[in-house]
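Here is the structure we will look at.
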Amino acid sequence: MSEQNLNAPQVDYDVVVIGGGPAGLSAAASAKESGAASVLVVERDDELGGILNQCIHNGFGLITYNEELTGPEYAARAEELARAAGAEFRLGAMVVDVSQDRVVTFVSEEHGLEQVRAGAVVLAMGCRERPAGALATPGFRPAGVYTAGTAQRLVNIEGLMPGREVVILGSGDIGLIMARRMTLEGAHVACVAELMPYSGGLKRNIVQCLEDFGIPLLLSHTVTRIEGEKRVEAVTLAEVGEDGRPIPGTEVTYPCDTLLLSVGLLPENELSRAAGVDLSPVTRGAVVDDALQTSVPGVFACGNVLHVHDLVDYVSQEAELAGLNAASFAQGLQQVRSATIAVRAKGGVRYTVPQFISPTYMAESITLRFRVAGVFEDRYINVWANDKLLVHKRHPILVPGEMESVVIKKEMLEGLDDLEEIVVCLEEVR
Ligand SMILES: Cc1cc2nc3c(=O)[nH]c(=O)nc-3n(C[C@H](O)[C@H](O)[C@H](O)COP(=O)(O)OP(=O)(O)OC[C@H]3O[C@@H](n4cnc5c(N)ncnc54)[C@H](O)[C@@H]3O)c2cc1C
């Protein structure tokens, strides 16, 4: 098997990581610990830590540290590990381009436009919120309509209250967390409305952020009207049918001055797209193999830019893997990808990451992460390779808001020569 020849162009850094959130920091620490001689993290903000800096609630790090840390505490630990490993940082620097041959261009107030040549690149740019414009809601666009993340930043970082009487649309984790946060800051949250018949957030957040505060969760509801010309004065909600359309006659108007939107997160992939990285229409992140390598050799992806995560612990685990593989690629240790095994999501499974496996360099075991497409009670998670059942795991309940995973061991694939695909699916328990 051939090895990458990376001796050709001189590189400025073995590994360049784009984004200094928890994913970028863990990838940087891991790349350095895995033998990369030099690792640079480029972050557009003036501080490291990413979205965690505005998440002052606790609940981070239960899996990694067996402790309930706040977002900034978790970020501080990730930063400490990356610094201790010897990564370098460029803050206040926005990456504007990544080329296929891994030249990273960034711009900063202090140094203007700069370019560095990387042995390997790790994409860790996180995600952004779906904006209000994505909603087809009639009425004006008065002041008082915020995305939940913007409201979180205003309250937790700027010390500003977006409003006093609040309706929240969308029950993803940020919406749930902001329902509690606004209540603790003295606002009244009338309700959280959710279009789907199930919440998009973690069960623990529904309990701790809504139920504990008596905030109603209205499933299968949406906003049909926003009233107020200059400032929001009221929001009308209606129940929706199975077709997702409002049911006439079910409208209820809630007088309020603020509407918070928590209607989805989108991986921040403009740079990846421009670099020629293949993106998945389902996750909207890169299509990757089990080394988290994208379709562009030497470019890896991890964290929320790859697919939206609910727990930061899994972001860190995934990023460590991306860092390790980026370091091996940069050192010329990673073999060239040859045949691949596709990982197909079927029967209730919406997507998997990775989307394919490279038998050429498969590790002893790999973790397939996935989300389901609806609420499923009492199901088996099955992983098939041809007619061999690799994994058969029973679950009492599976919901789209909680990421699931299965582990595939290399030994399970022994004897399955010329395997072209692995299927991950749900099956009813009879
Ligand atoms: C409101 C909220 C509540 C959450 N609550 C919990 C919780 O209770 N427990 C839990 O475990 N997890 C929670 N999470 C999830 C967890 O915080 C995220 O999954 C995690 O922060 C994602 O890390 P990341 O590094 O991929 O992205 P981010 O943290 O978003 O970091 C991405 C970084 O990349 C930088 N960047 C982007 N583009 C560029 C560019 N072009 N050039 C330079 N830099 C760039 C950004 O500035 C940012 O710093 C929560 C998330 C949110 C949003």
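The values are calculated or read from the model by the stated rules, or taken from the named source; none is laboratory data. Predicted model, so just to flag it, every value in this text is computed and none were measured. Quick reminder, even Gly has a Cβ in these numbers, built from the backbone with ideal geometry, and neighbours come from all protein chains shown. SASA here: full protein model, heavy atoms, side chains in, ligands and nucleic acids out. Shrake-Rupley method; radii C 1.70, N 1.55, O 1.52, S 1.80 Å.
Tabulated data
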| quantity | calculated |
| --- | --- |
| Lysines with Cα under 27 Å of LYS32, excluding same-chain neighbours fewer than 8 positions away | LYS409, LYS410 |
| Dimensionless Rg over Rh [the chain; C-alpha; Kirkwood] | 0.99 |
| Net charge, GLU165 excluded, C-beta distance under 14 Å - Lys, Arg +1, Asp, Glu -1 | -2 |
| Rounded FRET efficiency, nearest 0.05, which uses the C-beta distance separating CYS425 from LEU160 and R0 of 60 Å | 0.80 |
| Under 22 Å from the Cα of LYS203 - lysines, other chains or at least 8 residues apart | LYS393 |
| Ordering of 259-267, 199-207, 96-104, 316-324 by packing [mean C-beta count within 10 Å, highest first] | 316-324, 259-267, 199-207, 96-104 |
| Relative packing of peptides 21-29, 360-368, 166-174, 239-247 - highest average C-beta neighbours within 10 Å first | 21-29, 166-174, 360-368, 239-247 |
| Within-13-Å neighbourhood charge of TYR65 [Cβ basis; K, R +1; D, E -1] | -4 |
| Point-to-point label distance, LEU389-GLN100, nm (Cα→Cβ direction, 7 Å offset) | 4.5 |
| Estimated FRET transfer efficiency when R0 is 56 angstrom, pair GLN115-ARG225 (beta carbons, to 0.05) | 0.65 |
| 22 Å tail of the calculated P(r), the range 338-430, as % of Cα pairs | 24 |
| LYS388 accessible area, assembled protein chains, probe 1.4 Å, Å² | 80 |
| HN-Hα J in Hz across the range 349-358 - Karplus 6.51, -1.76, 1.60, θ = phi - 60°, x for Gly and Pro | 8, 7, 7, 10, 10, x, 8, 8, 10, 9 |
| Those residues of the range 185-201 whose amide nitrogen sits under 14 Å from the label point placed on GLU242, 7 Å along Cα→Cβ | 197 |
| Theoretical ellipticity at 222 nm over the chain - DSSP helices of four or more residues, -39500 (n - 2.57) apiece, nearest 500 | -5000 deg cm²/dmol |
| Residue-span extension gain [SER108 to GLU270] - 0.36 nm each, minus C-alpha spacing | 56.5 nm |
| Amide H contacts under 5 Å for ILE247, placed H, 5+ residues apart | GLU239, VAL240, GLY241 |
| Calculated SAXS-style log₁₀ I(q)/I(0) at q = 0.10 Å⁻¹ - the range 131-263, Debye, Cα scatterers | -0.27 |
| Förster radius 41 Å - calculated FRET efficiency between ARG204 and ALA342, Cβ distance, rounded to 0.05 | 0.75 |
| Backbone N within the range 242-282 under 18 Å of label point (7 Å from SER295 Cα along the Cβ vector) | 267-282 |
| Contour minus Cα-Cα distance for GLU211 and ARG141 (0.36 nm per residue) | 22.1 nm |
